[in-house]
Amino acid sequence: MRKSDGRVKMPTILSDAGFTIVVTATTNSVTVSDGTNSGTNTLEVNATSADITISAGSVYAVISTITITPTVVKNVATPTFNVETGDYFETQNVTISCETDGATIYYTTDGTTPTNASTEYTGAIEVSTTTTIKAIAYNGTDDSEVATVTLTFPTIYANIAAFKTANATGYLNMAGAQVVYIDNAKKNIYVRDTSGAIDVFNNSGFSTSLTTGDLLGGYLYGTYSPYKNLPEITNANLDLVTVTGNETVVAKVIAGTTEAIAANLCDLVKIENTEISESSSKYYVGDESDIQLYDNFSVGYTATTGKSVDVSGIATVYNTTYEIFPRFESDIVYLDEAVAVEIGSAGIATFCSEKDLDFTGADAIAVYKAKVEGNVVKLTQIHKVRANTGVILMNALGMDEGAVAAVNVPELTATADDVSDNELVGVTTPTTVYKTDGTKYNYILEAGPVFKMAVVGGATLAAGKAYLSTAYDASANGARLSVVFDDATAISNVNVETMTYNRYFDLQGRRVMQPTKGLYIVNGKKVLVK
């Protein structure tokens with residue numbers, strides 16, 4: 001039919017349960033309307049009757065066919081699945097149900113439309129590869145609509161090296177990975193696993209609670225997209241990344257060569273006993289003075305040429321220039337101004353230096369002040385320590401990790417941390433420590449760790465150590481004080497006198513480096529931290 005104004009009004013159309021009208025126009029499209037809803041060439045009407053208007057506006061439209069299809073009302077409910085269409089990373093057991101009593105469900109997994117001649121559903125369907133399941137229900141000769149669900153199992157790259165080799169867009173398995181460093185703007189998240197490291201980059205910055213040291217699980221989605229030869233993941237989605245714990249990130253000690261930087265891009269590295277040189281207002285380190293020292297994180301450090309240093313930072317490259325990005329001012333340690341600090345096999349020790357020291361960049365060592373509260377010694381972590389201050393040193397990964405080889409700790413150039421409540425007394429010469437001076441009682445650190453009251457006749461404490469001096473008399477408590485940590489550091493209200501420093505796991509089996517109040521697993525037994 002043809003109409004000069006392109007408009008056709010159809011009489012009322014009746015149906016038992018709504019209908020669909022499809023208009024085929026050989027020239028121009030038309031608008032189909034029932035006065036409430038409209039659509040281009042097609043209109044679904046839910047009412048049982050309606051007056052339909054077909055309009056092509058002010059232009060001509062040649063309509064060749066008008067098809068009206070009444071809605072078919074099914075007496076059998078459409079089957080439903082226990083899963084939804086989407087990406088899956090583990091085998092799924094798919095169940096199908098139907099609300100119609102007595103209905104029998106049939107299904108297919110090859111994409112074809114099921115009938116009552118298809119496979120009858122009798123129990124959960126195990127799915128581990130990309131699969132489309134279609135299901136239909138029958139009650140006698142009556143059937144239902146067909147329900148469809150698609151489970152997609154994307155390729156998962158086992159580690160960072162595999163992701164880079166595949167030059168992939170997809171999912172990276174984060175199990176065993178650790179956040180090496182996150183810059184202040186959260187644009188760069190440097191992540192390492194046993195196969196290598198990579199920069200997860202977002203120019204607008206990530207909205208994430210991830211922090212340096214986080215141990216990761218789950219999956220990271222993104223695109224491998226190197227920038228100026230630096231391995232990066234862009235378009236990253238962190239929604240499926242999980243955190244399983246947090247551990248101090250320890251720098252990898254590498255040779256001072258561009259080859260060593262190239263082999264450890266995006267990782268936290270340390271070049272020992274190198275020298276800073278200057279060329280064209282730029283600073284360089286390394287065996288050949290060809291690794292640029294670049295203040296990418298706006299640390300604001302001052303580089304002094306001609307001096308031997310230990311340098312830590314993120315290993316990077318820009319085109320063909322290999323670089324190292326210090327994270328803190330203390331990542332550059334001038335060896336002639338540094339103090340070599342180490343911890344023995346016990347994993348914990350007292351310490352005192354004649355120099356102001358900054359432990360901020362000493363990743364392998366945790367430093368604590370101490371104060372007696374009740375009958376326990378509370379340890380609180382600090383980083384910047386004035387000379388002659390007594391402190392506790394511990395392997396940052398826990399006492400069970402044992403000794404820490406000598407670490408060069410730089411002199412402190414900033415304000416020290418508050419130690420006004422510190423009850424540790426440092427000694428810089430061999431000192432005899434007696435049980436009491438009349439007003440306070442003195443305790444010496446022992447393995448366990450516990451503080452044991454000094455003997456009446458006194459005991460000699462070596463130079464560079466510290467003892468605890470407090471008003472609390474533990475004579476009635478076996479002359480010992482147990483140790484606790486503040487909430488921001490580690491264990492709370494655990495009597496350490498009778499325990500070794502063990503690994504803590506939550507009830508899901510994830511290692512916890514900083515337990516707070518709750519129930520944990522230690523050496524296969526449940527331990528309550530109060």
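The values are calculated or read from the model by the stated rules, or taken from the named source; none is laboratory data. Predicted model only: the values in this text are computed from it and were never measured. All Cβ positions, glycine included, derive from the backbone under ideal geometry; neighbour counts span all protein chains shown. Ligands, DNA and RNA are excluded from the accessible area calculation, which covers all protein heavy atoms including side chains. Shrake-Rupley method; radii C 1.70, N 1.55, O 1.52, S 1.80 Å.
Okay, here's what the table says:
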read-out	value
Other-chain or far-sequence residues with amide H under 5 Å of Thr413's (modelled H)	none
Near-label residues of segment 241-256 by backbone N, under 18 Å of a point 7 Å along Cα→Cβ of Lys307	none
Mean separation of Cα contacts under 8 Å (6+ apart) over length of the chain, as relative contact order %	7
Cα-centred dipole magnitude for segment 101-225, charges only on beta-carbon of K, R (+1) and D, E (-1), debye, nearest 20	800
Pairwise centroid distance, computed over Cα atoms, of segment 189-209 with segment 298-375, Å	23
Cα-based Rg and Dmax for the chain, where Dmax is the largest Cα-Cα distance (Å)	35.3, 118
Phi-based couplings in Hz for segment 432-443 (Karplus 6.51, -1.76, 1.60; Gly and Pro marked x)	8, 10, 9, 4, 8, 9, x, 10, 10, 10, 10, 10
Distance histogram in 5 Å bins (all Cα pairs of segment 409-454, percent per bin)	5, 14, 18, 21, 19, 12, 8, 2
Solvent accessible area, Å² - Thr234, 1.4 Å probe, full protein context	30
Calculated FRET efficiency for the pair Asn296/Ala462, C-beta based, R₀ 51 Å, to 0.05	0.75
Rule-of-thumb Rg ratio for segment 173-260 [Cα; 2.2 N^0.38 Å; N residues]	1.07
Segment 248-360 - percent relative contact order, Cα under 8 Å, separation 6 or more	23
Positive-end residue of Leu379, Pro326, Cys352, charge dipole of segment 323-382 with Cβ unit charges	Leu379
Lys, Arg +1 and Asp, Glu -1 on Cβ, resulting dipole of segment 1-140 about Cα centre, debye, nearest 20	880
Residue (of Thr234, Gly390, Ala166) at the positive-pole extreme of the chain, dipole from beta-carbon charges	Gly390
For segment 414-463 versus segment 382-407, the gap between their alpha-carbon centres in whole angstrom	16
Where segment 182-259 is the region considered: accessible area per residue in Å², 1.4 Å probe	46
Accessible area of Cys352 in the full protein assembly, 1.4 Å probe (Å², nearest 10)	10
Shape of segment 301-375, Cα gyration tensor, a/c cut at 1.5	prolate
Isotropically averaged projected area of segment 112-201, using the convex hull of Cα atoms (one quarter of hull area), nm²	9.6
Amide H within-cut-off set for Ala175, under 5 Å, with H built and near neighbours excluded	Gly218
Given charges at beta-carbon only (K, R positive; D, E negative), |dipole| of the chain in Debye	660
Rg to Rh, two decimals, where segment 357-417 supplies the alpha carbon set and Rh follows Kirkwood	0.99
Interchain or long-range residues, amide H under 5 Å from Asp267's placed H	Ala315
Within the accessible area of the chain (1.4 Å probe), percent carbon and sulfur	45
Extreme residue, positive dipole direction of segment 257-374, given options Val309, Ala366, Ser277 (C-beta unit charges)	Ala366
Added length on full extension, which subtracts the Cα-Cα distance from 0.36 nm per residue, Glu145 to Ala263	36.7 nm
Ser209 paired with Asn93, simple spin-label distance in nm, labels 7 Å along Cα-to-beta-carbon	3.1
Heavy atoms of Asp336: accessible area, 1.4 Å probe, square angstrom to 10	100
Table column - 3J(HN,Hα) (Hz), segment 451-466, Karplus curve with 6.51, -1.76, 1.60, x for Gly and Pro	9, 9, 4, 5, 6, 4, x, x, 9, 7, 9, 5, 4, x, 10, 8
Estimated 222 nm signal from helices in the chain, with DSSP H stretches of n ≥ 4 weighted -39500 (n - 2.57), rounded to 500	-500 deg cm²/dmol
Violating pairs (Cα-Cα greater than 23 angstrom) within the set Lys252/Lys282; Lys378/Lys435; Lys355/Lys452; Lys187/Lys282	Lys252/Lys282; Lys355/Lys452; Lys187/Lys282
